[in-house]
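The values are calculated or read from the model by the stated rules, or taken from the named source; none is laboratory data. Because the structure is predicted, anything quoted here is derived from the model rather than measured. Cβ placement follows ideal geometry from the backbone for every residue including glycine, while neighbour counts extend to all protein chains displayed. Heavy atoms of the whole protein, side chains included, go into the accessibility calculation; ligands, DNA and RNA do not. Shrake-Rupley method; radii C 1.70, N 1.55, O 1.52, S 1.80 Å.
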Amino acid sequence: MDSKKIAVLTRRTDFLAANRGLRIARPGFVLLAQPNSGKGKRYGITVTKKIGNAVVRNRMKRRFRELLREALPEQGLPDHDHVLIGRDGGIERDFAKLREELSMALGRAREGKGDPRRPPRRGNRNSKRK
């Protein structure tokens with residue numbers, strides 16, 4: 001196990017920087033990996049309100065936190081920020097299945113094989129509101 005403690009991302013700028021990095025999508029989550037200039041292995045978790053109410057979001061974050069604590073020491077990329085973004089349906093997924101998917105996603109990140117970026121959204125999202 002790594003002697004260095006794995007730090008948690010708290011600053012918005014770190015999350016935004018990670019969004020410019022490698023993106024690997026899986027059914028329960030999206031993994032972002034971005035080099036962080038020698039700051040060690042760090043992780044962050046994002047679960048939006050689209051996923052569910054506070055109880056559901058917090059449960060998902062607890063599951064992700066446990067997955068990352070388990071996987072990052074051995075499988076995480078050195079000197080990278082790792083961000084997990086919860087996807088709809090991720091809370092219902094079997095924990096062993098999520099663990100397997102995270103392992104595969106970290107393997108793809110080590111190989112530098114990300115998924116293609118989605119095209120930007122068209123129009124103003126707030127235009128429908130009155």
Does residue 93 fit the bill of being surrounded by 13 or more Cβ atoms within 10 Å (Cβ to Cβ), of a type in the set (D, E, K, R), touching a residue at least 24 places away in the same chain (Cβ under 8 Å) and in a helix (DSSP H, G or I)?
no
Residues of region 45-55 satisfying the condition of being open to solvent by 50 Å² or more (accessible area, probe 1.4 Å) and in a loop (DSSP other than H, G, I, E, B)
48, 49, 50, 53
Say whether the condition of being crowded, with 21+ Cβ neighbours inside 10 Å, in a loop (DSSP other than H, G, I, E, B) and of a type in the set (A, V, I, L, M, F, W, C) is met by at least one residue in region 102-122.
no
What tally of residues in region 1-40 results from selecting those that are part of a strand (DSSP E or B) and over 21 Å from residue 115 (Cβ atoms)?
2
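What residue, of 42, 26, 87, 12, is surrounded by fewer than 19 Cβ atoms within 10 Å (Cβ to Cβ) and on the phi < 0 side of the Ramachandran plot? Outline the logic, then answer.
Values: 42 fails: surrounded by fewer than 19 Cβ atoms within 10 Å (Cβ to Cβ); 26 fails: surrounded by fewer than 19 Cβ atoms within 10 Å (Cβ to Cβ); 87 fails: surrounded by fewer than 19 Cβ atoms within 10 Å (Cβ to Cβ).
Just one listed residue meets the conditions, 12.
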